[in-house]
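Down below is the structure, laid out as structure tokens.
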Amino acid sequence: MSIDAVTNINVSLVAPFISEDSAEIVMITGRTAVLDVNEVITCATLEDVEDAGFSTSDPEYLAATSLRLQGLLPPTFKIGRLGAQVAQVDTITPAAFADGTYTVTITMPLGATVTYAFVGAGMASVNDVVTGLKNLIDAGTQPIATTGSVATLILTAENAGQAFTVTVATTGSTLALVHTTPNTGYRDLLDDLEAVDAEWYGHYASMDRTKDQAAERAIWFETHTMRRLNLEQSAEADLLAGTDTNIAKLLKTIGYKRTIVLYYSGATDHGMAGVAGDRLSVDLDDHTTTWAHKTITGTAVDVLTTTQQAAIEADGANYYVKVGEAGSFYPGQTPVSGIYIDAVTSADWLHRSLTALHRYRFQQISNQGRKIPPNAKGIGIIENDARGIF
């Protein structure tokens, strides 16, 4: 079989990538005021976490405990403190109160786009436009709080850190849209943390586990240039019912595979951190692995009906129940149908391995005063390296 049938190789000498040493490191994020904002510590034991000042009841410590209780242990893990989330505020001001249709369209991340259209006729002031739009938005289900003054409509995210996009249109008088306060959410906070320490692969949020916050994290991991894995644990009841708005279904609909969702009813448990630490510690240079059927030491099994299990599976999430005499993390999948977690981590391993080897080869030959020729011989050098990885 030609290697072209196995892989398509594009060599980049400047694009960032996760180093092999960082591939087994889990970054636990939180906001406990033990560390400075954007400070990251590297730990090898729970004693290291306590020495940093965390109490045994802090979510970061509890997540680290789950990670360290498993049978396979990464040599180190990291804890990083995130900055504060800031609620987005947009302001809409009508210029006048001419008759016409005044439209405000709001889009939430991973959520639906909703258009609110107020038809104004025989109005007495711009306050009629503001009140008409406010009433429509208030009657909707999007997490947007409204404040209406005489001449201005203020839109504020109900959940700090959850971005939204607003557009306006009108057949009447002009609507002026001002982005008064920009959103500061996980996409910004992870950028800031990564600028301090980029040497990690897995991520687990020890707090901020709402659907909206998980969505913000999922967007960052899926669209980022660095190949990382985001591990989410959710007690969202909609996962049990298979509703269209649960976090796994939203990720499945848009094809996101870098955020792994575990449904678990215990809101203060951190079993997903244990799964991440255990499975990412497997050296893929030597072994293949599966994430399915992992027993999470220290985490009690959930009791779910077969209907609930089927709903969770159908939406691309995972659950933890008793199989035989032991707990079992199942089915080890991403939200994308047919793509399992080990397929993503294996593809990332291959990308890391090929990138590191090709960069080494380019530098090696350059240091000899030569370059890889743009002909069959040069292609053969790259092809032989790729075959060596396989």
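Quick note: the coordinates plus some simple rules give every number you see, no bench work behind them. Worth saying up front: this structure is predicted, and the values here are computed from it rather than measured. Cβ: placed from backbone, ideal geometry, glycine included. Neighbour counts: every protein chain shown.
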- So how much slack lies between Glu199 and Asp285, counting 0.36 nm per residue of separation and subtracting their Cα-Cα distance, in nm? 29.1 nm
- Message: Show me the three semi-axes of the equivalent ellipsoid for the chain, from the C-alpha gyration tensor (sqrt of 5 times each eigenvalue), largest first, rounded to whole Å.
- Response: 43, 28, 21
- Note on the structure: Burial-style ranking of 369-377, 285-293, 233-241, average other-beta-carbon count within 10 Å with highest first, yields 233-241, 285-293, 369-377
- Helix 271-280 sits at what angle to the longest principal axis of the chain, using alpha carbons and giving 0 to 90 degrees rounded to 10? 40 degrees
- Item | DSSP bridge pairs, the chain: antiparallel proportion in percent, nearest 5 | 70 percent
- Amide H neighbours of Ala235 at under 5 Å, excluding residues fewer than 5 places away on the same chain, with H built from the backbone geometry, are Tyr264
- Query: Can you list the lysines whose alpha carbon is less than 29 Å from that of Lys322, not counting same-chain residues fewer than 8 positions off?
  - Reply: Lys211, Lys249, Lys252, Lys257, Lys294
- Message: Between helix 211-223 and the chain, what is the angle of the helix's C-alpha long axis to the longest principal axis, kept within 0 to 90° and rounded to the nearest 10?
- Response: 50 degrees
- With r defined as the distance between the Cβ atoms of Thr180 and Asn135 and R0 fixed at 25 Å, what FRET efficiency is calculated, to the nearest 0.05? 0.70
- Task: Name the most mobile residue of Ser328, Ser366, Ser173, meaning the one with the largest mean-square fluctuation, in a Gaussian network model of the chain with Cα contacts below 10 Å.
- Result: Ser366
- Roughly what % antiparallel, to the nearest 5, for the DSSP beta bridges in the stretch 7-152? 75 percent
- Tail beyond 13 Å, pair distance distribution of the stretch 344-389 (Cα, percent): 59 percent
- Task: With N set to the residue count of the stretch 96-218, report its C-alpha Rg divided by 2.2 N^0.38 Å to two decimal places.
- Result: 1.31
- Around Val323, which amide H atoms from residues at least 5 apart in sequence, or from another chain, sit under 5 Å from its own amide H, with H modelled in the peptide plane? Ser328
- Query: For the chain, modelled as a GNM with alpha-carbon contacts under 10 angstrom, which of Glu24, Glu313, Glu47 fluctuates the most?
  - Reply: Glu47
